[in-house]
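Below is one structure, written out as structure tokens, with a few remarks after it.
The values are calculated or read from the model by the stated rules, or taken from the named source; none is laboratory data. Just so we're clear, the structure is a prediction, and the values are computed from it rather than from any experiment. All Cβ positions, glycine included, derive from the backbone under ideal geometry; neighbour counts span all protein chains shown.
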Amino acid sequence: MLNSKTLFVASSLTALAIAASASGQMPPQQPDSRAFKIGSLDLVSLHDAQFVLPNDGKIFGVGHSTAEIGELLKAAGAPTDTVTLSVDALLVKEPKHVILIDTGVGGALQQSLAQTGTKPEEVTDILITHSHPDHIGGLVKDGKLAFPKATIRMSSAEWAFAKKNAQLADIVKVIDDNVKTFEPGVEVVPQITSVSLMGHTPGHVGYEIVSGKGKLLDIGDTVHSSIISLVEPEWPVGFDNDEKGGEKNRIDTLKKLAKDNELVFTPHFPFPGVGRITADGDHFSWEPSLPAAK
Ligand SMILES: [Zn+2]
């Protein structure tokens with residue numbers, strides 16, 4: 001289900017992405033990269049952009065007062081008039097594949113990737129959690145494929161959803177021949193399995209990376225704010241295309257992650273976005289925890 005709020009947000013994010021590559025309306029973004037290991041696999045969290053959104057009750061805590069939202073932010077020691085989200089992506093180096101999970105909005109991702117010594121043409125597979133512009137915007141640069149040799153993989157439901165979104169028409173046209181879809185639950189590339197996390201968008205998935213005893217789940221946009229999404233996971237989020245589905249996925253996934261003490265990557269938590277979720281009564285909290293790089 002689409003609601004008008006989400007369309008508004010999606011369109012402003014598209015505008016941001018276009019501004020980033022064209023007129024520079026988005027402030028210059030700082031590249032950053034942080035390497036770590038999962039089992040024998042080398043991973044790198046790549047920074048793309050920083051979004052500072054107004055605390056106006058349109059995205060977080062929809063239906064709650066901005067004062068109520070401000071109280072949560074204040075209790076966490078954050079500014080009360082804005083909500084800051086990082087936009088990050090994940091690089092996974094598997095023996096025969098160089099994999100990027102999501103591509104940011106078209107901020108500093110390419111420079112962050114360059115810090116790792118990886119060239120765009122070396123990326124073999126791009127796994128997309130969902131088709132919002134802050135995850136697929138970096139697929140296209142100057143009207144061409146930003147990663148020319150990569151197969152772009154997303155769930156079949158998500159690709160169908162993207163093709164219906166007029167805001168994404170320019171991106172869809174460029175990537176069309178390189179997209180390969182899958183049904184959630186399959187191993188998409190060696191050691192990375194897609195996990196259905198529906199609710200945020202119709203075909204939203206996470207990706208579970210397993211190597212030896214090491215494991216990490218990229219949970220995509222199951223959560224957005226490291227403060228509000230965890231303290232009040234039941235509060236509606238304007239970014240969710242299906243508000244109720246987004247809420248259910250958020251609560252179910254957070255409960256499971258806390259119970260399993262699983263290591264997660266979240267694209268919008270403070271960079272590098274790697275850590276664990278802990279349960280705190282009915283609420284949750286975030287413990288950043290980056291495994292060693294060697
Ligand atoms: Zn997002």
Original post:
Just to be sure, is residue 230 farther than 18 Å from residue 99 by Cα, more than 15 Å from the ligand (Cβ to nearest atom) and modelled with pLDDT of 95 or more?
Top reply: no
Subject >> Residue check for residue 154: surrounded by 14 or more Cβ atoms within 10 Å (Cβ to Cβ) and at pLDDT below 95 >> reply: no
Original post:
When the range 254-271 is examined, which residues are found to be in contact with a Leu (Cβ under 6 Å, 6 or more places away or on another chain) and within 16 Å of the ligand (Cβ to nearest atom)?
Top reply: 264, 265, 268
Subject >> Filtered residue count, the range 104-140, keeping only those that are away from the ligand (no atom under 16 Å from the Cβ) and either modelled with pLDDT under 95 or among the acidic types (Asp, Glu) (or both) >> reply: 3
Subject >> Residue list for the range 261-281, restricted to those being over 18 Å from residue 38 (Cα atoms) and surrounded by fewer than 19 Cβ atoms within 10 Å (Cβ to Cβ) >> reply: 270, 278, 279, 280, 281
Original post:
Does the range 85-115 hold any residues that are polar (S, T, N, Q) and more than 14 Å from the chain's Cα centre (by Cα), and which are they?
Top reply: 110, 111, 112, 115
**OP:** Enumerate the pairs (first residue in the range 120-134 and among the polar types (S, T, N, Q); second residue anywhere and surrounded by fewer than 21 Cβ atoms within 10 Å (Cβ to Cβ) and in a loop (DSSP other than H, G, I, E, B)) with beta-carbon separation below 9 Å, excluding pairs fewer than 6 apart on the same chain, so at least 6 apart or on different chains.
**Re:** 124/96; 124/149; 131/165
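When only residues in the range 209-227 that are more than 14 Å from the chain's Cα centre (by Cα) and at negative phi count, which is nearest to the ligand (Cβ to nearest atom)? Talk me through it step by step, then tell me what you get.
Taking the range 209-227 as the starting set, the residues that turn out to be more than 14 Å from the chain's Cα centre (by Cα) are 209-216, 227.
Going one step further and asking which of them are at negative phi, we end up with 209-211, 213-216, 227.
Numbers: 209: 19, 210: 24, 211: 26, 213: 30, 214: 25, 215: 23, 216: 18, 227: 16 Å.
The residue in question is 227.
I need a count of the residues in the range 59-84 that are within 16 Å of the ligand (Cβ to nearest atom) and assigned to a loop (DSSP other than H, G, I, E, B). Before you say what the answer is, go through the steps one by one.
First, the residues of the range 59-84 that are within 16 Å of the ligand (Cβ to nearest atom): 59-60, 83-84.
When the remaining residues are screened for being assigned to a loop (DSSP other than H, G, I, E, B), the result is 59.
So the count comes out to 1.
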Original post:
Which of (1) within 19 Å of the chain's Cα centre (by Cα); (2) within 22 Å of residue 96 (Cα to Cα) does residue 190 not meet, given it meets every other one?
Top reply: (1)
**OP:** Go through the range 225-244 and count every residue that is in contact (Cβ under 8 Å) with a residue 60 or more places away in the chain and either touching a Pro at 6+ places or on another chain (Cβ under 9 Å) or within 20 Å of residue 193 (Cα to Cα) (or both).
**Re:** 4
Original post:
Does the range 24-40 include one or more residues that are touching a residue at least 40 places away in the same chain (Cβ under 8 Å), within 16 Å of the ligand (Cβ to nearest atom) and under 16 Å from the mean Cα position of the chain (by Cα)?
Top reply: no
Subject >> Pairs, first surrounded by 22 or more Cβ atoms within 10 Å (Cβ to Cβ) and of a type in the set (D, E, K, R) in the range 246-260, second at pLDDT 90 or above and part of a helix (DSSP H, G or I), C-beta under 8 Å, six or more apart >> reply: 250/222; 250/229
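So that you can scan it fast, the table gives a plain yes or no per residue for (1) modelled with pLDDT under 95; (2) within 28 Å of residue 92 (Cα to Cα):
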residue	(1), (2)
212	no, yes
226	yes, yes
251	yes, yes
271	no, yes
274	no, yes
282	yes, no
**OP:** Filter the range 172-193 for residues that are closer than 10 Å to residue 159 by Cβ, surrounded by fewer than 18 Cβ atoms within 10 Å (Cβ to Cβ) and free of Cβ contacts under 8 Å to residues at least 12 places away in the same chain and give the result.
**Re:** 176
Original post:
If you check every pair at least six apart or on different chains, which have Cβ atoms under 8 Å apart with a residue in the range 267-284 that is of a type in the set (D, E, K, R) first and a residue that is within 16 Å of the ligand (Cβ to nearest atom) second?
Top reply: 276/264
